[in-house]
Amino acid sequence: MPMDVTIFFLVSGLSQVFWVIPVVKRWTNLWLYVGIIGTVILIIMWLVAVPGSGHQVDTNQFAIEVLQIIFIICCILIIKDRAALKVNNDSV
């Protein structure tokens, strides 16, 4: 894989580590939506830049993409749970 592509995904991956702050501190759903959209964009970019360009995908890269999909699913579940709690609190 070209060095510029490697550096881009390394920097974006390191920045995603800090994305745990809005999740743990329970910031608004807007932050979760931004995280979901950003992660989807990075997955698409990775699909185009790595396997789409004919580069070999190793086990670590595959595992990272699976974990990103799990992150998206968890964020969606958090948003749904918050919506359900809001409905329950409004009806009390």
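At a glance:
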{"read-out": "The stretch 15-30: number of residues that are within 14 Å of residue 78 (Cα to Cα) and of a type in the set (Phe, Trp, Tyr)", "value": "1"}
{"read-out": "Enumerated helices (runs of 4 or more DSSP H) restricted to the stretch 11-92, each holding at least 2 residues that are of a type in the set (Gly, Ala, Ser)", "value": "29-49, 59-91"}
{"read-out": "Candidate set: the stretch 1-34, residues that are surrounded by 12 or more Cβ atoms within 10 Å (Cβ to Cβ), modelled with pLDDT under 85 and aliphatic (A, V, I, L, M); chosen: the one farthest from residue 47 (Cα to Cα)", "value": "23"}
{"read-out": "Residues of the stretch 49-92 satisfying the condition of being among the aliphatic types (A, V, I, L, M) and within 16 Å of the chain's Cα centre (by Cα)", "value": "63, 64, 66, 67, 69, 70, 72, 73, 76, 77, 78, 79"}
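Here's the yes/no breakdown for (1) without any contact (Cβ under 8 Å) to a residue 12 or more places away in the chain; (2) touching a Phe, Trp or Tyr at 6+ places or on another chain (Cβ under 9 Å):
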residue: 1; (1), (2): no, yes
residue: 7; (1), (2): yes, no
residue: 18; (1), (2): yes, no
residue: 28; (1), (2): yes, no
residue: 31; (1), (2): yes, yes
residue: 36; (1), (2): no, yes
residue: 44; (1), (2): yes, no
residue: 48; (1), (2): yes, no
residue: 55; (1), (2): no, no
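The values are calculated or read from the model by the stated rules, or taken from the named source; none is laboratory data. A quick note: this is a predicted structure, and the numbers were derived from the prediction, not measured. Cβ sites come from the backbone with ideal geometry, for glycine too, and all protein chains shown count toward neighbours.
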